[in-house]
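Working notes, structure below.
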Amino acid sequence: MPDIGLQGLVDRLAGLPVEALYALIFGASFTEGVLPPVPGDIAAAFLAFLSARSGGLWIPTTLAVVSGSVAGNCVVWWVGRRYGAAWIAHQMARFRLVKDEARAERAEHRIENAYREYGWVALFISRFIPGLRAMAPAAAGALRVPLWEMVAILFTASSVWYSIVTYVAFRVGSDWESVRATLLRLGREAGIGASLLAVVAGLVGWWLWRRRRAAAR
C-alpha cells in the first residue's frame with residue numbers, strides 16, 4: 001500500500017486520467033480477490049480517494065472495485081473446485097500469504113459446515129469476517145457451489161461493503177490519513193457485527209434443530 005508521505009508517488013497517481021485510475025482500482029481489487037491477504041481494501045480505498053480528487057465518479061469507482069474483487073474470487077473458486085480448499089490453504093502458507101496453514105484450513109471447514117447448515121447466508125456473512133473471507137470462494141469451489149450462485153452472493157456482499165469503502169473515500173475528510181483511520185475502524189466494526197450475526201444464526205439453527213428433534217419424538 002503506498003505511503004501518503006511519498007508525495008511524488010501521490011502526485012503521479014493523481015495526475016493519471018480517471019479511466020486509468022478506474023483500471024488501477026479494478027486491478028487492486030482483482031489482486032485482493034485472488035490473494036485476500038493482500039490489503040486490497042486499503043489499496044482500493046486509496047485509489048478511490050485519488051479518483052474522487054481527480055474527477056472520478058462514485059458509481060463507476062464502486063463498480064470497478066466490486067467487479068475486480070468478484071473476478072478475483074472467480075479465479076479462487078475455480079482453483080478450489082479443481083484442487084480443493086485445503087490445497088489453497090497449503091499454497092498460501094507455502095508462499096507466506098498466511099501465517100498459519102492450520103488456521104486457514106479451520107476457517108475453510110467452518111465455512112463449509114456453515115454452508116451445509118445455512119446455505120448462501122453463510123457465504124454472505126463470511127465476506128465480512130476477517131479470517132473467513134479469504135477462504136470463502138475456495139470453500140464454495142470445493143463444495144461445488146455453482147459459479148453463478150457464488151458470484152451472486154459475493155457480488156451482493158461486496159457491493160454492500162465496497163459501497164461503504166468508496167463512499168468514505170469520497171466523503172470523509174480531505175486527507176488520506178483520516179480516510180484510512182475511518183476505514184480501519186469500520187472494518188473492525190463490520191467484522192464484529194458479522195461475527196455476532198453468525199453466532200445468532202447458529203443459535204437460531206440450534207433452537208430449530210432442538211424443536212424438530214422434540215417434535216419427532
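The values are calculated or read from the model by the stated rules, or taken from the named source; none is laboratory data. For clarity, every value in this text was computed on a predicted model and none was experimentally measured. Heads up, the Cβs are rebuilt from the backbone with ideal geometry, glycines too, and the neighbour counts pull from every protein chain shown. We work out accessible area using only protein heavy atoms, side chains counted, and drop any ligands, DNA or RNA first. Shrake-Rupley method; radii C 1.70, N 1.55, O 1.52, S 1.80 Å.
For the reader, a short list of remarks on this structure follows.
- For residue 166, net neighbour charge (Lys/Arg +1, Asp/Glu -1) across residues whose Cβ lies under 15 Å away: +1
- Taking Cβ atoms as reference points and 14 Å as the exclusive limit, the residues near residue 51 contribute a net charge of +1, counting Lys and Arg as +1 and Asp and Glu as -1.
- Spin-label pair residue 54/residue 87, simplified geometry with 7 Å Cα→Cβ offset, distance in nm: 3.8
- Relative to its residue count, the stretch 46-158 spans a Cα convex hull of 101 Å³ per residue.
- For the stretch 87-136: relative contact order, % (alpha-carbon pairs under 8 angstrom, 6 or more apart): 31
- By accessible area, using a 1.4 Å probe on protein heavy atoms only, the stretch 33-160 has 63% of its surface on carbon and sulfur.
- Distance from the alpha carbon centroid of the stretch 146-186 to that of the stretch 63-86 works out to 18 angstrom.
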